[in-house]
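Reviewing the structure listed below.
The values are calculated or read from the model by the stated rules, or taken from the named source; none is laboratory data. Predicted, not measured: the structure shown is a model, and the values here were computed from it. Positions of Cβ are generated from backbone atoms using ideal geometry, with glycine treated the same way; all protein chains shown enter the neighbour counts.
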Amino acid sequence: MPPLVYRLDATQPASHRLGVELDLDLDALRAAGSLAGEELLLFLPTWTPGSYLIREYSRQLSRVEASGADGAILPCVKVAKNRFRIATPAGARTVRIRYQVYARELSVRTADVTAEHAYWNHACVLLWPVAARRLAVQLTVQHPPEWRLACALGQLHTPLATPGSVTLMAHDLDEVLDSPILIGDFEQIEWQVAGVTHRIVLDGLGGVRPPETLIADLTRIIERAAAVFGGALPYRDYTFLCLFAAEGHGGLEHAASTTLLMARTALSDAKQYREFLGLAAHEHFHAWNVKRMRPVEFWDYDYENENYSSLLWLVEGWTAYYDDLLCHRAGLLTREDYLAVMAKNVNTMLTGPGRLRLSLAESSFDAWIRLYRPDENTRNSSQNYYGNGAVAALCLDLMIRRTTRGAASLDDVLRRLYDHTFGQGRGYTREDVADAVRSVAGVEVVRAHAALVDGALDPDLAALLGDFGIRVRALENPKPYFGVSFNSGSTTVASVTLDSPADRAGIAPGDECIAVAGLRVDSSNWNDVFAAVARCGVAIEVLLARRGVITRLFVTPGATMPGVAFEILDVATTEQQHLRDLWLVPPTK
């Protein structure tokens, strides 16, 4: 038997509780050096890789109890928020641990056990011996017999297996924490891509039917992703675990699977379906970019503390660039559709003042305290390394293509970085990234890209795209601009954009807008009233409630920042057309 044997009881899912029983082989722990004297120390992870926030999963644990081989209760003391110390008898060979996990949070990173299904990441569930991450583990999961189980871990098939009981095996802590479980009465489709088995598990769809093109669309995305890295798939099989609910959106990557959460209507609406495919492309691309090729700081995860890296603009930003690009390469987005998506990213970037104040590298490092813990000032003080990182990746790709006259692209950088770091059994550093870019496109491109990552993000997209026969057109928008966002369902200010008319007038988060130009406003009519009375450059009176005191301020609306659109030029030079056709799939004639 493996040194760690878990039994997970999900047979009463309506209780929202998951029972856990763990048998530990103390001799194996002694051999691994993880048993201090006769004391056993267990920990529960505090976060899930791919979601950079300390989430304090231990708050959902019941009392942890320990017993010896004879059933005698052993002292078990909580010594930290997520650590437990057990005094074991001298010479004891085994210890059994019991506890429950409360599981009622439907997200891609947590645990949700209900009458309809059971889903969890093991980071929320498995207490593990400290300093024993390389020990093998066996998990037996018991669940309602009418349900099925999906997980990337290998299954142990035994003659005594019964319906409602599945035994899984993992080599170590890293593998088991990277393999979430979904159980339920779901639909599963299995198919082959390049001789490798892929599965998609559809849970919670109700009466919604997936599009007939779903498997063909995913196949094309998978093939285009593999082509970026040389054509081979890096896993023995792969599973898309899809959670559908009334609402929600998110994805979390794993080495041989991913979890996707979307509204159940996503597969029946053309726009939402395209977003679903983009999300699937994003998380699947992570099978290379971060699950294998990853920053040196992530090579051996510390599951109890923050793992800081200044490279999330590559981990997430480059992936966000490729998710839409792969959909275009797969024929799921036209050139015009793809350019519209990229223009939307650019417009979002332009409206965020934080891009001029905190670099992509700094914002990556601060993910733990900014992006995953947004507050009223986040947009003003930091930037989103997903969308803005995708814009920087676009710029880098175009610079490489322009410099090499189309002979190379960001694909070549990724392949080189993958081969020279993960291929050599190590994580990458910022210098490794620079070396990969330098080898493909030269030192000037390295310098230009560093300016985008380490300084203000304000690229000259008109010049870059112009070399590809694409015009950046400013969208004239003379509408008056105020510069606030409200809390949902109210006119209470959630945030104020730095240097906006509202900011200059002294409006602050927490202020409640009661009237504008003498007209009463609420969440249902704010937009209509403001549009009716506001004029650019003309001050208007705003009546506020601020901490219980009625206040009058005068705000002078400005003009809304013009957005941009990307347009393919009808007349382009031969060189422009050549570069454009190498970047964007030529239209079918």
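Can you tell me which residue is nearest to VAL555 (Cα to Cα) among those in segment 481-494 that are among the hydroxyl-bearing types (Ser, Thr, Tyr) and surrounded by fewer than 20 Cβ atoms within 10 Å (Cβ to Cβ)? Among them, the one singled out is TYR481. Contact map, segment 375-388: first residue touching a residue at least 12 places away in the same chain (Cβ under 8 Å) and under 12 Å from SER364 (Cα atoms), second residue aromatic (Phe, Trp, Tyr) and surrounded by 19 or more Cβ atoms within 10 Å (Cβ to Cβ), Cβ cut-off under 6 Å, separation 6 or more or different chains; pairs are TYR385/TRP313.
Scanning segment 164-190 for residues being free of Cβ contacts under 8 Å to residues at least 40 places away in the same chain and touching a strand residue (DSSP E or B) at 6+ places or on another chain (Cβ under 6 Å) gives a total of 8. Counting only strands (runs of 3 or more DSSP E) that fall entirely inside segment 535-579 and contain at least 1 residues that are buried (at least 17 other Cβ atoms within 10 Å of the Cβ) and touching a residue at least 60 places away in the same chain (Cβ under 8 Å), the qualifying elements are 549-555, 563-568.
Pairing each residue of segment 207-232 that is more than 16 Å from THR197 (Cβ to Cβ) and touching a residue at least 40 places away in the same chain (Cβ under 8 Å) with any residue that is among the aromatic types (Phe, Trp, Tyr) and not in a loop (DSSP other than H, G, I, E, B), provided the two are 6+ apart or on different chains, yields C-beta distances under 6 Å for ALA225/PHE285; PHE229/TYR418. In the set (1) in a loop (DSSP other than H, G, I, E, B); (2) surrounded by 15 or more Cβ atoms within 10 Å (Cβ to Cβ), PRO478 fails one condition alone, (2).
Say we look at segment 137-164 and pick out the residues that are of a type in the set (S, T, N, Q) and either at pLDDT 95 or above or under 28 Å from the mean Cα position of the chain (by Cα) (or both); which of these is nearest to ALA32 (Cα to Cα)?
Of segment 137-164, the ones of a type in the set (S, T, N, Q) are 138, 140, 142, 155, 158, 162.
Next, only the ones that are either at pLDDT 95 or above or under 28 Å from the mean Cα position of the chain (by Cα) (or both) stay: 138, 140, 142, 155.
On the way: GLN138: 17, THR140: 23, GLN142: 29, GLN155: 25 Å.
Among those that are of a type in the set (S, T, N, Q) and either at pLDDT 95 or above or under 28 Å from the mean Cα position of the chain (by Cα) (or both), it is GLN138.
Of the residues making up segment 339-363, those that are assigned to a helix (DSSP H, G or I) and among the aliphatic types (A, V, I, L, M) are LEU339, ALA340, VAL341, MET342, ALA343, VAL346, MET349, LEU350, LEU356, LEU360, ALA361.
Matching residues to (1) surrounded by fewer than 23 Cβ atoms within 10 Å (Cβ to Cβ); (2) assigned to a loop (DSSP other than H, G, I, E, B):
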| position | (1), (2) |
| --- | --- |
| ASP300 | yes, yes |
| LEU314 | no, no |
| TYR321 | no, no |
| LEU325 | no, no |
| ASP337 | yes, no |
| PHE365 | yes, no |
| GLN383 | no, yes |
